[in-house]
Amino acid sequence: MKEMIIILFLLPFVVSMCTGNDKRREISQNTPAKNEADTPLEKATFAGGCFWCMEPPFEKLDGVIDVIPGYTGGHNEDPTYNEVSTGTTGHYEAVQITYDSSKITYKELLDVFWTQIDPTDAYGQFVDKGSQYKTAIFYHDEEQKQLAEESKEKLEKSGRFEKPIVTEIKAYTKFYPAEDYHQDYYTKSPVHYQMYKMGSGREQFKEKMWGDYMNSKSHVYEKPSDEEIKKKLTPLQFNVTQACGTEPPFNNAYWDNKREGIYVDIVSGEPLFSSRDKFDSGSGWPSFTKPLEPSNVVERIDSSHGMVRTEVRSSNADSHLGHVFKDGPAPTGLRYCTNSAALRFIPKEDLEKEGYGQYKSLFDD
């Protein structure tokens with residue numbers, strides 16, 4: 001069903017799919033990893049329908065080390081996507097999260113999990129129906145089981161959903177990473193991903209059922225009035241962000257900036273990119289392999305100047321940032337070519353006082 005939704009949305013466009021190869025990631029199934037300080041890293045495993053959509057919400061959390069889409073709960077050894085898609089293997093599409101419990105708790109991960117799914121659907125998730133798309137929490141130990149049961153009971157009693165909560169709580173057995181082209185799909189094939197995500201109905205459901213909660217949990221970045229924008233921005237910044245202008249290459253603030261920190265929208269302050277994902281593209285403009293916060297960056301088809309390109313804009317301020325091209329380095333193969341005039345750089349040492357303290361851990365050695 002995921003593929004059908006994408007095809008329906010892509011009929012007006014010709015967009016090539018980045019599939020990669022089918023080599024699986026190798027991960028430890030039973031032994032907890034340790035970081036350099038010998039702090040145990042724990043695992044959490046959640047099934048929430050399409051694993052493409054379950055990966056990004058967890059990857060951006062402080063304390064989460066890795067998120068891997070894959071298959072779990074079934075009887076087939078080392079299943080393939082095609083096999084799981086038949087609904088006969090007993091496997092669920094799931095994500096396995098490796099996290100540092102000293103920075104984020106299992107309870108906090110559960111809170112995020114519930115806001116990503118429809119826990120009342122016993123037949124799948126949104127447009128994807130079948131046992132492989134059902135929701136479940138796979139606990140790794142008794143403590144996780146208890147926390148999962150308490151979390152489910154709390155949700156049931158909250159009255160947020162009129163229908164019964166049918167998400168299962170099951171003992172974890174074994175996890176099989178999905179094929180490479182499914183890993184980080186939202187960065188490898190961002191146009192496909194956005195079209196599927198919106199076409200599936202998941203985002204609309206989340207906004208309807210959880211919009212009030214999410215707004216209360218996170219800072220809301222808003223676009224100022226036109227008058228405020230004109231007062232705040234230089235003529236060049238205004239031309240780039242509000243009129244889709246382009247600044248000169250090799251003659252802008254950040255094309256050669258090598259300091260560590262994050263780049264935020266000059267208008268709204270919403271986080272956009274990290275220096276950890278910045279590279280020298282030789283273009284003369286700041287270039288990044290991926291957004292820091294995928295939800296803060298949107299893409300649109302740009303057919304101006306006799307070309308068909310993918311424009312990149314900020315989600316909340318709707319600022320023109322630049323364009324994204326498929327000629328970047330690994331791991332995404334993407335180049336987010338961005339105007340310095342659309343950005344404000346915040347060095348790592350100023351993150352806390354500027355209100356972006358949650359990103360400090362990105363620069364821990």
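The values are calculated or read from the model by the stated rules, or taken from the named source; none is laboratory data. Remember, predicted model here, so these are calculated numbers, not experimental data. Here the Cβ positions follow ideal geometry from the backbone for every residue, glycine too, while neighbour counts run over all protein chains shown.
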The range 120-169, subset polar (S, T, N, Q) and loosely packed, with under 14 Cβ neighbours inside 10 Å, residue farthest from Pro79 (Cα to Cα): Ser158
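Got a number for residues in the range 75-85 being touching a helix residue (DSSP H, G or I) at 6+ places or on another chain (Cβ under 8 Å) and either over 14 Å from Ala178 (Cα atoms) or of a type in the set (S, T, N, Q) (or both)? Write out each step before concluding.
So the first thing to find is which residues in the range 75-85 are touching a helix residue (DSSP H, G or I) at 6+ places or on another chain (Cβ under 8 Å), and the list is 76, 81, 84-85.
Restricting the remaining residues to those that are either over 14 Å from Ala178 (Cα atoms) or of a type in the set (S, T, N, Q) (or both) gives 76, 85.
So the answer is 2.
To keep it simple, each residue is scored yes or no on (1) assigned by TED's automatic domain parsing to the domain that holds Pro57; (2) of a type in the set (Val, Ile, Thr); (3) modelled with pLDDT of 95 or more.
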residue: Glu83; (1), (2), (3): yes, no, yes
residue: Gly90; (1), (2), (3): yes, no, yes
residue: Thr98; (1), (2), (3): yes, yes, yes
residue: Ala122; (1), (2), (3): yes, no, yes
residue: Gln125; (1), (2), (3): yes, no, yes
residue: His140; (1), (2), (3): yes, no, yes
residue: Lys145; (1), (2), (3): yes, no, yes
residue: Arg160; (1), (2), (3): yes, no, no
Conditions (1) basic (Lys, Arg); (2) within 25 Å of Glu156 (Cβ to Cβ); (3) not in a helix (DSSP H, G or I): number failed by Lys107: (3)
Which listed residue, of Ser281, Ser319, is over 19 Å from the mean Cα position of the chain (by Cα), farther than 20 Å from Thr234 by Cα and surrounded by 17 or more Cβ atoms within 10 Å (Cβ to Cβ): Ser281
Residue count, the range 247-280 (criterion: without any contact (Cβ under 8 Å) to a residue 40 or more places away in the chain and of a type in the set (Asp, Glu)): 3
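From the set of residues in the range 150-188 that are of a type in the set (D, E, K, R) and assigned to a strand (DSSP E or B), which is farthest from Ala122 (Cα to Cα)? It would help to see each step written out before you state the result.
Going through the range 150-188, the residues of a type in the set (D, E, K, R) turn out to be 150, 152-154, 156-157, 160, 162-163, 168, 170, 174, 179-180, 184, 188.
Still in the running and assigned to a strand (DSSP E or B): 168, 170.
Working: Glu168: 9, Lys170: 15 Å.
My answer is Lys170.
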Answer from Ser319, Ser304, Ser281 - the residue that is hydroxyl-bearing (Ser, Thr, Tyr) and closer than 28 Å to Gly355 by Cα: Ser319
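Can you find a residue in the range 194-201 that is at pLDDT 95 or above and either in contact with a Cys (Cβ under 7 Å, 6 or more places away or on another chain) or crowded, with 18+ Cβ neighbours inside 10 Å (or both)? Walk me through how you get there before you give the answer.
Within the range 194-201, the first condition is being at pLDDT 95 or above, and the residues that meet it are none.
No - not one qualifying residue is present in the range 194-201.
Any chance the range 204-226 includes a residue that's polar (S, T, N, Q), crowded, with 21+ Cβ neighbours inside 10 Å, at pLDDT below 90 and within 22 Å of the chain's Cα centre (by Cα)? First the steps, then the outcome.
In the first step, residues of the range 204-226 are kept if they are polar (S, T, N, Q); the result is 204, 215-216, 218, 225.
Filter once more, keeping what is crowded, with 21+ Cβ neighbours inside 10 Å: none.
Checking the range 204-226: not a single residue is polar (S, T, N, Q), crowded, with 21+ Cβ neighbours inside 10 Å, at pLDDT below 90 and within 22 Å of the chain's Cα centre (by Cα).
Yes/no per residue for (1) farther than 21 Å from Ser281 by Cα; (2) at pLDDT below 95; (3) out of contact with any Asp or Glu (no Cβ under 6 Å at 6 or more places or on another chain):
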{"residue": "Asp318", "(1), (2), (3)": "yes, yes, yes"}
{"residue": "Leu321", "(1), (2), (3)": "no, no, yes"}
{"residue": "Phe325", "(1), (2), (3)": "no, no, yes"}
{"residue": "Thr332", "(1), (2), (3)": "no, yes, yes"}
{"residue": "Leu343", "(1), (2), (3)": "no, no, yes"}
{"residue": "Glu354", "(1), (2), (3)": "yes, yes, yes"}
{"residue": "Lys360", "(1), (2), (3)": "yes, yes, yes"}
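For the range 44-64, state whether one or more residues are under 15 Å from His140 (Cβ atoms), at pLDDT 50 or above, of a type in the set (Ser, Thr, Tyr) and in a loop (DSSP other than H, G, I, E, B). Before you say what the answer is, go through the steps one by one.
Here is the first cut: in the range 44-64, the ones under 15 Å from His140 (Cβ atoms) are 44-47.
Then keep just the ones that are at pLDDT 50 or above; that gives 44-47.
In the following step, the residues that additionally are of a type in the set (Ser, Thr, Tyr) were identified as 45.
Those left that are additionally in a loop (DSSP other than H, G, I, E, B): none.
Taking every residue of the range 44-64 in turn, none turns out to be under 15 Å from His140 (Cβ atoms), at pLDDT 50 or above, of a type in the set (Ser, Thr, Tyr) and in a loop (DSSP other than H, G, I, E, B).
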Strands (runs of 3 or more DSSP E) completely within the range 251-308 that count 1 or more residues being modelled with pLDDT under 95 and charged (D, E, K, R): 297-302
Contacts under 7 angstrom Cβ, first residue in the range 292-312 being touching a residue at least 60 places away in the same chain (Cβ under 8 Å) and not assigned by TED's automatic domain parsing to the domain that holds Glu207, partner in a helix (DSSP H, G or I) and surrounded by 11 or more Cβ atoms within 10 Å (Cβ to Cβ), 6 or more apart: Pro294/Pro56; Pro294/Tyr186; Glu299/Pro190; Glu299/Val191; Glu299/Gln194; Thr310/Val191
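Out of Thr88, Thr98, I need the residue that is out of contact with any Phe, Trp or Tyr (no Cβ under 8 Å at 6 or more places or on another chain) and free of Cβ contacts under 8 Å to residues at least 40 places away in the same chain. Which one?
On the way: Thr98 fails: free of Cβ contacts under 8 Å to residues at least 40 places away in the same chain.
When all the criteria are applied, what remains is Thr88.
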